[in-house]
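The values are calculated or read from the model by the stated rules, or taken from the named source; none is laboratory data. Quick caveat, the model's predicted, so the values are computed rather than measured. No Cβ is skipped: glycine too gets one built from the backbone with ideal geometry, and neighbour counts run over all protein chains shown.
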């Protein structure tokens with residue numbers, strides 16, 4: 001019975017042509033909500049958890065332990081440089097009977113769910129702390145990175161393989177990026193607003209880790225069993241079987257379009273998460289703990305609303321504007337409104353604490369203006385990203401058109417590598433900004449406070465008062481510098497977006513007409529190769545004939 005079920009999975013797991021099956025069109029992109037929930041939990045908030053959950057020792061040990069964690073996560077970039085190409089190579093070269101992409105998606109999801117549970121459950125229950133937590137977290141992070149990469153490359157490599165039709169590809173890409181934005185928003189809302197309001201850091205992260213792990217695993221299991229893959233060109237199957245590990249680097253060396261968009265996307269990932277990554281802590285420093293988190297959460301709401309609105313608008317916009325024009329328009333909006341946010345939303349004196357638009361009331365008119373700015377530059381960032389993502393897929397078509405080799409998994413291995421390299425640079429910039437702003441003493445205090453609340457030796461009200469008094473003391477002693485903090489965060493964000501645009505402007509040359517011509521040619525090649533394989537199979541499987549002669 002099990003063998004019949006497996007055979008049915010194999011027989012029903014593919015489709016022909018560029019029309020994506022309805023269930024796949026819905027389930028595949030929207031499962032990304034839970035993937036990005038999980039990625040944000042670890043990729044964005046793991047360091048915040050280490051800083052504020054009371055899992056590190058106090059005093060000089062606190063700075064030393066957090067420094068080791070930061071260094072280890074930066075060193076993890078070397079691991080990513082090895083892990084991502086190896087995983088892309090494995091997925092490209094080896095194929096399960098159940099499909100080229102879906103089995104890897106499922107295996108990665110299972111491993112990811114188990115590791116994330118261990119990563120947050122054990123320290124939240126007090127089973128590891130101090131230097132033991134540092135060692136434990138580093139090991140778990142490297143294992144998580146391996147399993148998430150397996151799922152991530154399988155998932156994103158499946159996207160360009162579903163269809164070559166530009167309209168369907170734009171729709172799928174839009175839905176996937178909207179789903180990713182929703183997942184990121186939910187994580188920011190829960191993990192910034194929750195601690196201090198719904199419970200301690202340990203309590204909130206424990207519940208979040210369990211829920212996210214389960215939802216992630218369930219969503220990817222549905223993709224594995226219910227989504228279909230497009231029937232592959234037999235010639236490309238042969239190309240995949242002959243793939244070499246060094247092809248990851250060869251493909252960007254010989255394909256200038258892919259090289260340009262891979263570099264531009266790295267800069268995008270490093271820039272796009274800077275403000276949201278420090279938003280909670282910035283408003284702690286500006287308005288106090290935990291009330292400042294409410295403003296950061298509202299900005300996160302406008303992050304998701306702006307991103308979804310812009311990305312939902314992208315298919316219609318792409319009919320009237322080229323991708324290059326969309327990048328230019330969105331880039332201008334990003335620069336203008338990030339600058340406006342800086343000059344009006346950050347103190348302009350080195351030791352100041354009063355921006356031009358300052359209000360502790362999250363519904364104050366000053367904050368509403370800042371929310372409008374955030375809505376615009378986050379929306380523009382969403383358009384910028386979606387244009388890059390479609391360009392990435394077009395560059396894969398170009399690879400097959402120009403060199404006869406598609407190699408989706410090899411090419412798309414650069415996307416998760418960009419994510420992690422960008423996250424590493426992002427982490428380094430945040431470390432620099434916190435250090436320049438003079439706020440590490442506050443992180444240590446929040447961590448100690450969490451321990452006291454967990455042990456029952458104090459109340460949350462007393463802890464809140466102690467933290468806010470310490471923040472006030474930093475300003476009184478002249479150690480806080482939100483101006484320098486803002487210059488680093490906003491200045492580098494704008495600089496990386498501008499650099500990303502310039503790389504595409506001068507290094508990427510595929511136009512809409514070029515893509516249309518490539519899609520038509522690749523469809524002809526695919527149909528011809530499938531027909532040749534069918535003819536060859538019929539000849540191979542034909543019964544032998546025997547000539548009988550009368551003697």
Residue 382 - would you say it is in a helix (DSSP H, G or I), in contact with a helix residue (DSSP H, G or I) (Cβ under 7 Å, 6 or more places away or on another chain) and surrounded by fewer than 20 Cβ atoms within 10 Å (Cβ to Cβ)? no
Members of region 330-371 that are surrounded by fewer than 21 Cβ atoms within 10 Å (Cβ to Cβ), free of Cβ contacts under 8 Å to residues at least 60 places away in the same chain and assigned to a helix (DSSP H, G or I): 332, 333, 336, 337, 340, 343, 344, 365, 366, 368, 369
Restricting to helices (runs of 4 or more DSSP H) lying wholly in region 229-329: which have 1 or more residues that are farther than 30 Å from residue 403 by Cα and at pLDDT below 75? 274-287, 292-320
For region 405-426, indicate whether the set of residues that are crowded, with 20+ Cβ neighbours inside 10 Å, more than 20 Å from the chain's Cα centre (by Cα) and part of a helix (DSSP H, G or I) is non-empty. no
Kindly indicate the residue of region 186-228 that is outside any loop (DSSP other than H, G, I, E, B) and touching a strand residue (DSSP E or B) at 6+ places or on another chain (Cβ under 7 Å) and also modelled with the lowest pLDDT among those meeting that condition. 201
Out of 74, 87, 137, sole residue that is in contact (Cβ under 8 Å) with a residue 60 or more places away in the chain and closer than 24 Å to residue 407 by Cα: 87
Single unsatisfied condition, residue 128 versus (1) within 27 Å of residue 85 (Cα to Cα); (2) not in a helix (DSSP H, G or I): (1)
Which condition number in (1) closer than 26 Å to residue 348 by Cβ; (2) buried (at least 19 other Cβ atoms within 10 Å of the Cβ); (3) at pLDDT 75 or above is the one that residue 487 fails? (2)
How many residues does region 373-412 contain that are under 29 Å from residue 305 (Cα atoms) and in contact (Cβ under 8 Å) with a residue 40 or more places away in the chain? 22
With the condition kept exactly as written, say whether any residue in region 150-161 is more than 21 Å from residue 411 (Cα to Cα), crowded, with 19+ Cβ neighbours inside 10 Å, modelled with pLDDT of 90 or more and in contact with a helix residue (DSSP H, G or I) (Cβ under 9 Å, 6 or more places away or on another chain). no
Given the structure, is residue 464 in a helix (DSSP H, G or I), touching a helix residue (DSSP H, G or I) at 6+ places or on another chain (Cβ under 9 Å) and modelled with pLDDT under 90? yes
Among the candidates 327, 286, residue that is buried (at least 20 other Cβ atoms within 10 Å of the Cβ), more than 14 Å from residue 370 (Cα to Cα) and more than 21 Å from the chain's Cα centre (by Cα): 286
Among residues belonging to region 116-125 that are more than 18 Å from the chain's Cα centre (by Cα) and assigned to a helix (DSSP H, G or I), point out the one that is modelled with the lowest pLDDT. 124
